[in-house]
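Participant: Starting off with a structure, shown below.
The values are calculated or read from the model by the stated rules, or taken from the named source; none is laboratory data. Note that the coordinates shown come from a computational prediction; the quantities given were computed from them, not determined experimentally. Note that we place each Cβ from the backbone using ideal geometry, even for glycine, and neighbour counts take in every protein chain shown. We work out accessible area using only protein heavy atoms, side chains counted, and drop any ligands, DNA or RNA first. Shrake-Rupley method; radii C 1.70, N 1.55, O 1.52, S 1.80 Å.
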Amino acid sequence: DAGVTQSPTHLIKTRGQQVTLRCSPKSGHDTVSWYQQALGQGPQFIFQYYEEEERQRGNFPDRFSGHQFPNYSSELNVNALLLGDSALYLCASSLGGGATIGYTFGSGTRLTVV
Amino acid sequence: AQKVTQAQTEISVVEKEDVTLDCVYETRDTTYYLFWYKQPPSGELVFLIRRNSFDEQNEISGRYSWNFQKSTSSFNFTITASQVVDSAVYFCALAGGFKTIFGAGTRLFVKA
């Protein structure tokens, strides 16, 4: 039973560029949440997707956008990259929307902006 | 506003010692859920336990135990007889609605 799969595992981008990160949720899960984890800090909530809609958003600018596909997989897009966007981006899947059941996390995408 | 505070940034113990990780939370919700996750060097957060706001019964699972005290808004985690493999960053988290708020984490070093 596959867990959460994220791609790519590592990425280096230049300031001002755009990036797309991908996530396939755990089999049977229909909800995807994205988190940003800066070095030495806890994960920060970006947004959650359920039924192909953004259900809630954290304190992130509109440069961060996402999408959920009918097969429940999801993408995170970040435009006009800043040095401060360098972080580990974690995808978490769960079932039935909400955040109260607990997550299954992927191993993350390490984004470095230079 | 919701907030999770893990005051201990790093803890270092010798193998077989017991260690307690502290967590204090703030929320105005009457119904909420508390979690502990473990993040080993591989980066993937691993779910350890979930507790809802109406269930203050403490739990023991093998070498792990949790102490939830609603009166002090605390949800502490104890590892008994620590092992080197317990070395990781541990996160306490608070969930309500559609999002989960994480603390800053406590890095645990267990030395052989």
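Participant: If you plug each phi of the range B:95-112 into the Karplus form 6.51 cos²θ - 1.76 cosθ + 1.60 with θ = phi - 60°, what whole-Hz ³J(HN,Hα) values come out, in order, with x for Gly and Pro?
Facilitator: For the range B:95-112, the Karplus curve yields 10, x, x, 9, 9, 10, 9, 9, x, 6, x, 10, 8, 9, 10, 10, 9, 6 Hz.
Participant: Next question, about the same structure. Given contacts defined as C-alpha pairs under 8 Å and at least six residues apart, what's the relative contact order of the range A:22-94, whole-number percent?
Facilitator: Once normalised by length, the contact order is 41 percent.
Participant: Convert each backbone phi in the range A:61-69 into a coupling constant with the Karplus relation 6.51 cos²θ - 1.76 cosθ + 1.60 (shift: θ = phi - 60°), then list the ³J(HN,Hα) values in order as whole Hz, x for Gly and Pro.
Facilitator: x, 5, 4, 9, 9, x, 7, 10, 9
Participant: Among bridges DSSP assigns within the range B:3-111, what percent are antiparallel (round to 5)?
Facilitator: Of those bridges, close to 90 percent are antiparallel.
Participant: Shifting gears a bit: Hey, can you list the residues from the range A:82-109 whose accessible area shrinks by 50 Å² or more with all protein chains present, relative to the chain by itself (probe 1.4 Å, no ligands or nucleic acids)?
Facilitator: With the partner chains in place, the range A:82-109 has these residues losing at least 50 Å²: A:Ala99, A:Thr100, A:Tyr103, A:Phe105, A:Ser107.
Participant: Just the number, please: carbon plus sulfur as a percent of the accessible area of the protein assembly as shown, 1.4 Å probe, no ligands or DNA/RNA counted.
Facilitator: It is 49 percent, rounded to a whole number.
Participant: Report which residues of the range B:90-112 become buried by 40 Å² or more of accessible surface when going from the isolated chain to the complete set of protein chains (1.4 Å probe; DNA, RNA and ligands ignored).
Facilitator: Residues shielded by partner chains are B:Phe98, B:Lys99, B:Thr100, B:Phe102.
Participant: Loop only by DSSP, 15 or fewer other Cβ within 10 Å of the Cβ. Give me the GluC sites (Glu not before Pro) in the range A:25-114 that pass, ordered by residue number.
Facilitator: A:Glu51, A:Glu52
Participant: Please give the net charge around B:Thr78, taking every other residue with its beta carbon less than 12 angstrom from that of B:Thr78, where Lys and Arg add +1 and Asp and Glu add -1.
Facilitator: Once all neighbours under 12 Å are counted, the net charge is -4.
Participant: Where the Cα atoms of the range B:3-111 are projected onto their three principal axes, how long is each span, largest first, in whole Å?
Facilitator: Sorted largest first, the three principal extents are 40, 27, 21 Å.
Participant: While we're on this one: So, taking all protein chains as they sit and a 1.4 Å probe, how much accessible area belongs to A:Asp85, in Å² rounded to tens?
Facilitator: A:Asp85 has an accessible surface of roughly 10 Å² with all protein chains in place.
Participant: Further, regarding this structure: If you average the alpha carbon positions of the range B:1-64 and of the range A:1-50, how far apart do those two centres end up, in angstrom?
Facilitator: Between the Cα centres of the range B:1-64 and the range A:1-50 lies a distance of 23 Å.
Participant: Further, regarding this structure: Rounded to whole Å and ordered largest first, report the semi-axes of the equivalent ellipsoid of the range A:14-114 derived from its Cα gyration tensor (root of 5λ).
Facilitator: Ellipsoid half-lengths, sorted descending, are 22, 14, 12 Å.
Participant: For chain B, give the magnitude of the charge dipole about the Cα centre (Cβ charges: +1 Lys/Arg, -1 Asp/Glu; no others), in debye to the nearest 20.
Facilitator: 200
Participant: Quick one: buried accessible area between A and B, total over both chains, 1.4 angstrom probe, nearest 100 Å²?
Facilitator: 1700
Participant: Let me ask something else. Enter the accessible area per residue of the range B:3-111 (Å², integer; probe 1.4 Å; all protein chains in place).
Facilitator: Per-residue accessible area for the range B:3-111 comes out at 49 Å².
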